[in-house]
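Engineer: Below are the structure tokens for one structure; questions will follow.
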Protein chains: 2
Amino acid sequence: MSNSALTTDFYELTMAQGYFLSGNRGPTVFDMFFRSHPFGGGFTVFAGLQPLLQHLEGLRFTESDIAYLRSVGIFTKEFLDCLSDFRFTGDLYAVPEGTVVFPDEPLIRVHADIMEAQLIESVLLNIINFQTLIATKSARIFLASGKGTVLEFGLRRAQGLDGAFSAARAAFIGGASATSNAAAAKDLGIPAKGTMAHSWVLAFDSELASFNAYADLYPDSSIFLIDTYDTLTSGIENAIITGKRLADNGKRFGVRLDSGDLLDLSVKVRRRLDEAGYPDAVIAASNELDEWQIEELVKRKAPIDMWGVGTRLVTGGTDSSLTGVYKLAAKGAENEPVMKVSESAGKSTNPGVKQVYRVRNTEEMFLRDLIALENEAPPVSPGNGGSVHCTESAVPLLELQLKGGKRRKSQPSPRDIQDRVKSELDRYPSALLSLRPASEYPVLLSEKLKTLKEELTRSYSDGA
Amino acid sequence: MSNSALTTDFYELTMAQGYFLSGNRGPTVFDMFFRSHPFGGGFTVFAGLQPLLQHLEGLRFTESDIAYLRSVGIFTKEFLDCLSDFRFTGDLYAVPEGTVVFPDEPLIRVHADIMEAQLIESVLLNIINFQTLIATKSARIFLASGKGTVLEFGLRRAQGLDGAFSAARAAFIGGASATSNAAAAKDLGIPAKGTMAHSWVLAFDSELASFNAYADLYPDSSIFLIDTYDTLTSGIENAIITGKRLADNGKRFGVRLDSGDLLDLSVKVRRRLDEAGYPDAVIAASNELDEWQIEELVKRKAPIDMWGVGTRLVTGGTDSSLTGVYKLAAKGAENEPVMKVSESAGKSTNPGVKQVYRVRNTEEMFLRDLIALENEAPPVSPGNGGSVHCTESAVPLLELQLKGGKRRKSQPSPRDIQDRVKSELDRYPSALLSLRPASEYPVLLSEKLKTLKEELTRSYSDGA
């Protein structure tokens, strides 16, 4: 299934045949963008680009795909022959993976024959929507923890095996330190981490025996799960007994809380560890955590050192999708601007071939973005296009990533992308990064784009 | 990645080595169950079993997996050699896929050496949790539509490519008629369906030209998307013009609404189609639908014939995970019962090797379930175990699916499983199936199981 071009919405294929047979083909420009930030937040972290580029480069219809389409009975031999040779040969511009992005900004711009541009729509949206959602969730959790240690523990609650794999990648990009998913850790080159399960504790004759057995095997990474019987009367006491054996050999240990009142328990467990002489023993916490609970625990000074976050990190919790869309922006050899005018006002699109400029001040802080037409003069100097002041500079965000369907840029690793996210997050006012932001980051349209949009809206309403 | 046994939580591997090296191995019994229905509903549809069985049968560590684990530096040569030969050789009991199930019931019971039982935990939960979530969502949508035609359109908003594929399967099982995902349709042998996109309409010189081109190509399956410019002044009128050409040749056509007030628009579009002489032209609707909106539209008699449901069907919407868990229930050659006693009351488990019985009356309606110990006499006659009356009968739900790691039962197709779901849904009172049920289906514990649970709780609190 992995690189099959058949992983597309069926209507892309019927429409593709339509373009092919009707001869109504030709160059098009499509924009991928989203309409509102997930999680009620004030920022979104763009992710999924490298997997998308890799996928597009290898996109093929297999013989068995063609045989299946033949069996459907509505595709001509000529069209199926064309699909047999199908490669994505378009150009693709995108903002670098790990960039902080905002609603309505084109994040990806595809220049391709309409047939090719359409055939990649579903898979492009699938990969980008999901990884962007999870990278954003992860960045929110990372910030809520005070840029602490977040472990992604979501494999068992993720949406399918690739849901888990992609989420491990996106969570790492957004700021998580490690994943519990061993296959993801291997393939992505990121750290794998874990503690122990209740079943381990139950598999021994006593809690203490289970802790001792673990400490003997993994003296350098023992974190004891202390809530199987009773956290305060049994778990922490047995952890201290086993921990003493480790400490006597110069090893640190830790405990994990997985149920109950995490604030109250962490305070009492911390006190007990300190009393026993182990101020450097770490406390990890898990149990259906999300950024809101972590923020609250941090605010109330819960002495928790590591956050194991599963379900809500890898699925997004109550916001389980990003509303990313892929819309025709221009067509024809001259890139004639096109827009969709919707009865739902927010669903109208921005026409034309566009670039996004990010305006920053001399301290490298980001001030606002400007969406402009590609053929406008870039707003590099005062009074030009987006009225950039002399203390400001503007950089274009969309960069050429695929040229004729082949990757052009170097391929950053998940760690490189995580570094970009962290450095980007430092360049926005903290009010914008709060879980429920009071202000919005300004995203402006250039005068030329605004004028074009008004003209097109008028011309469509005059008669389509 | 597909069948790699490395798709597991890292702690399963560290614990597995612990069992291997400490010699603390031996037979165990694990239960998979969930704690509450998703979506605030009164029932859950069990799904994902066939993909899980297939996955487990082929489970292997590849050479590259072993090389990765060696590089981590904490695994011994003996253990890695053991993993090289690893196969899942346990027995697995499960309720048939497509069965309606309830909280706390063991849905899967694994009998295996603790090392094997633990290594499959993460992947078992991943597959079952997600597909069960989506099959349940789909059944709710199917029921809300009045058992109508539901099309799964979720590929672009699903959580990864396998998230989309698995969701297509589970949505079909729960009652959807087709998927938009061509690869899923091919691999699962289920229908692929679709209409047309806004980009198709925009790619032609006029809306009418785009409709005509489509009708010429697909006279047997033309559903025109009518909201690109204006639904009532433009879209429906152009659809009727093109539709006349189809109708003149004895073909039916349809329209799709994708924005605006679906009740108001569907009533007006229906009236216009009827006036024009096309009472059999179908109306499809889409746009962020879920079971609640569909129920409301059906209640208010919106004349909608087909429901295209995407995001919220394939991700679960605000409930993006099922809280399924996998817990040790017994250990040792004698299957000594084990339970986890939790400070959070709801998190304590049911100990011992268990069976679930479904009690039905002479009309084959389901009355209640009974969770009993496997070695109790089954409640087949009055006064025995669960006090089944003489007008009632009880059938065990858990059936042997893997014997020594090999599939034993026939493998039902997605369509077979959908049939089971539909026939199951007919056997419950409709109050239980409503979106917000007033009553709960009774799930009882046998007296012997209750007694065992009380004894174990007491013995643990006496000192662990």
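Engineer: With the checklist (1) more than 9 Å from chain A (Cβ to nearest Cβ); (2) touching a Pro at 6+ places or on another chain (Cβ under 9 Å); (3) open to solvent by 50 Å² or more (accessible area, probe 1.4 Å) in hand, flag the one item B:Arg272 doesn't pass.
Structural biologist: Here B:Arg272 clears every test but (2).
Engineer: Residues B:Ser84, B:Ser71: which one is over 30 Å from B:Gly175 (Cα atoms) and either within 11 Å of chain A (Cβ to nearest Cβ) or modelled with pLDDT under 95 (or both)?
Structural biologist: After ruling out the rest, the residue left standing is B:Ser71.
Engineer: If the Cβ limit is 7 Å and pairs must be 6+ apart or interchain, which residue in the stretch A:113-134 that is more than 7 Å from every other protein chain (Cβ to nearest Cβ) pairs with which residue that is assigned to a helix (DSSP H, G or I) and of a type in the set (Val, Ile, Thr)?
Structural biologist: A:Ile134/A:Val314
Engineer: Tell me the residue from A:Ala213, A:Ala144, A:Ala167 that is within 30 Å of A:Leu322 (Cα to Cα), of a type in the set (A, V, I, L, M) and within 9 Å of chain B (Cβ to nearest Cβ), please.
Structural biologist: A:Ala167
Engineer: Then there is this: Go through (1) under 20 Å from the mean Cα position of the chain (by Cα); (2) open to solvent by 50 Å² or more (accessible area, probe 1.4 Å); (3) closer than 29 Å to B:Phe30 by Cα; (4) hydroxyl-bearing (Ser, Thr, Tyr) for B:Ser413 and report which single condition fails.
Structural biologist: (2)
Engineer: Which one of these is closer than 30 Å to A:Val101 by Cβ, among the hydrophobic types (A, V, I, L, M, F, W, C), at pLDDT 95 or above and in contact with a Ser or Thr (Cβ under 6 Å, 6 or more places away or on another chain): A:Ala192, A:Ala182, A:Ala213, A:Ala176?
Structural biologist: Among A:Ala192, A:Ala182, A:Ala213, A:Ala176, only A:Ala176 is closer than 30 Å to A:Val101 by Cβ, among the hydrophobic types (A, V, I, L, M, F, W, C), at pLDDT 95 or above and in contact with a Ser or Thr (Cβ under 6 Å, 6 or more places away or on another chain).
Engineer: Still on this model: Search the stretch A:80-96 for residues that are over 16 Å from A:Gly58 (Cβ atoms) and pair each with any residue that is among the hydrophobic types (A, V, I, L, M, F, W, C) and part of a loop (DSSP other than H, G, I, E, B) when their beta-carbon atoms are under 7 Å apart and the residues are at least 6 apart or on different chains.
Structural biologist: A:Tyr93/A:Leu398; A:Ala94/A:Leu107; A:Ala94/A:Leu398; A:Val95/A:Phe46; A:Val95/A:Leu107; A:Val95/A:Leu397; A:Val95/A:Leu398
Engineer: Do we have B:Thr89 as under 27 Å from the mean Cα position of the chain (by Cα) and either within 12 Å of another protein chain (Cβ to nearest Cβ) or loosely packed, with under 15 Cβ neighbours inside 10 Å (or both) here?
Structural biologist: Spelling it out, B:Thr89 is indeed under 27 Å from the mean Cα position of the chain (by Cα) and either within 12 Å of another protein chain (Cβ to nearest Cβ) or loosely packed, with under 15 Cβ neighbours inside 10 Å (or both).
Engineer: Taking B:Tyr229 as the residue in question, decide whether it is of a type in the set (Ser, Thr, Tyr), facing chain A (nearest Cβ under 7 Å) and part of a helix (DSSP H, G or I).
Structural biologist: no
Engineer: Here is a follow-up. Check the stretch B:415-428 and report whether any residue there is at pLDDT below 95 and of a type in the set (A, V, I, L, M, F, W, C).
Structural biologist: Checked the stretch B:415-428: no residue is at pLDDT below 95 and of a type in the set (A, V, I, L, M, F, W, C).
Engineer: Of all residues in the stretch A:3-57, which are facing another protein chain (nearest Cβ under 7 Å), buried (at least 22 other Cβ atoms within 10 Å of the Cβ) and not in a helix (DSSP H, G or I)?
Structural biologist: Selection gives A:Leu6, A:Thr7, A:Thr8, A:Asp9.
Engineer: Only one residue in B:Ile223, B:Ile236, B:Ile283, B:Ile240 is among the hydrophobic types (A, V, I, L, M, F, W, C) and touching an Asp or Glu at 6+ places or on another chain (Cβ under 7 Å), so which one is that?
Structural biologist: B:Ile283
Engineer: Looking for something within 30 Å of B:Pro414 (Cβ to Cβ) and in contact with a strand residue (DSSP E or B) (Cβ under 9 Å, 6 or more places away or on another chain) - is there at least one such residue anywhere in the stretch B:62-74?
Structural biologist: Yes, some residue in the stretch B:62-74 is within 30 Å of B:Pro414 (Cβ to Cβ) and in contact with a strand residue (DSSP E or B) (Cβ under 9 Å, 6 or more places away or on another chain).
Engineer: Find all pairs meeting these conditions: Cβ atoms under 8 angstrom apart; at least six residues apart or on different chains; first residue within the stretch B:304-321 and at positive phi; second residue open to solvent by 10 Å² or more (accessible area, probe 1.4 Å) and in a loop (DSSP other than H, G, I, E, B).
Structural biologist: Within 8 Å, the pairs are B:Gly317/B:Asp290.
Engineer: Any residue at all in the stretch A:80-96 that's of a type in the set (Asp, Glu) and more than 28 Å from B:Met196 (Cβ to Cβ)?
Structural biologist: For the stretch A:80-96, residues of a type in the set (Asp, Glu) and more than 28 Å from B:Met196 (Cβ to Cβ): absent.
Engineer: Considering the stretch B:222-233 alone, what residues qualify as being in contact with a strand residue (DSSP E or B) (Cβ under 6 Å, 6 or more places away or on another chain), open to solvent by less than 20 Å² (accessible area, probe 1.4 Å) and β-branched (Val, Ile, Thr)?
Structural biologist: Passing the criteria: only B:Ile226.
Engineer: With respect to B:Thr149, determine if the residue is within 10 Å of chain A (Cβ to nearest Cβ) and polar (S, T, N, Q).
Structural biologist: no
Engineer: Something else about it: Show me the strands (runs of 3 or more DSSP E) entirely contained within the stretch A:290-379 in which 2 or more residues are under 22 Å from A:Lys422 (Cα atoms), open to solvent by 20 Å² or more (accessible area, probe 1.4 Å) and away from every other protein chain (no Cβ under 12 Å).
Structural biologist: Per the criteria, A:366-373.
Engineer: Consider A:Thr242 carefully, then state whether it is in contact with a helix residue (DSSP H, G or I) (Cβ under 6 Å, 6 or more places away or on another chain), in a helix (DSSP H, G or I) and either at positive phi or hydroxyl-bearing (Ser, Thr, Tyr) (or both).
Structural biologist: Yes, satisfied.
Engineer: What's the total number of residues in the stretch A:421-452 that are under 21 Å from A:Ala377 (Cα atoms), of a type in the set (A, V, I, L, M, F, W, C) and open to solvent by less than 60 Å² (accessible area, probe 1.4 Å)?
Structural biologist: So the count comes out to 4.
Engineer: On the basis of being open to solvent by 40 Å² or more (accessible area, probe 1.4 Å) and aliphatic (A, V, I, L, M), does A:Ile66 make the cut?
Structural biologist: No: the conditions fail for A:Ile66.
Engineer: Looking only at residues that are closer than 28 Å to A:Tyr19 by Cα and charged (D, E, K, R) in the stretch A:87-103, which one is modelled with the highest pLDDT?
Structural biologist: The selected residue is A:Asp91.
Engineer: Ok, one more. Just one of the numbered conditions (1) in contact (Cβ under 8 Å) with a residue 40 or more places away in the chain; (2) hydrophobic (A, V, I, L, M, F, W, C); (3) closer than 22 Å to B:Ser199 by Cβ; (4) more than 14 Å from every other protein chain (Cβ to nearest Cβ) is not true of B:Phe253; which one?
Structural biologist: Going through the list (1) in contact (Cβ under 8 Å) with a residue 40 or more places away in the chain; (2) hydrophobic (A, V, I, L, M, F, W, C); (3) closer than 22 Å to B:Ser199 by Cβ; (4) more than 14 Å from every other protein chain (Cβ to nearest Cβ), B:Phe253 breaks only (1).
Engineer: Can you name the condition, by its number, that A:Asn287 falls short on among (1) polar (S, T, N, Q); (2) modelled with pLDDT of 95 or more; (3) not in a helix (DSSP H, G or I)?
Structural biologist: Evaluating A:Asn287 over (1) polar (S, T, N, Q); (2) modelled with pLDDT of 95 or more; (3) not in a helix (DSSP H, G or I) leaves (2) as the failure.
The values are calculated or read from the model by the stated rules, or taken from the named source; none is laboratory data. No experiment lies behind these values; they were computed from the predicted model shown. Glycine also receives a Cβ, built like all others from the backbone with ideal geometry; neighbour counts cover every protein chain displayed. When the accessible area is computed, the model is the full protein with side chains, heavy atoms only, and any ligands, DNA or RNA have been set aside. Shrake-Rupley method; radii C 1.70, N 1.55, O 1.52, S 1.80 Å.
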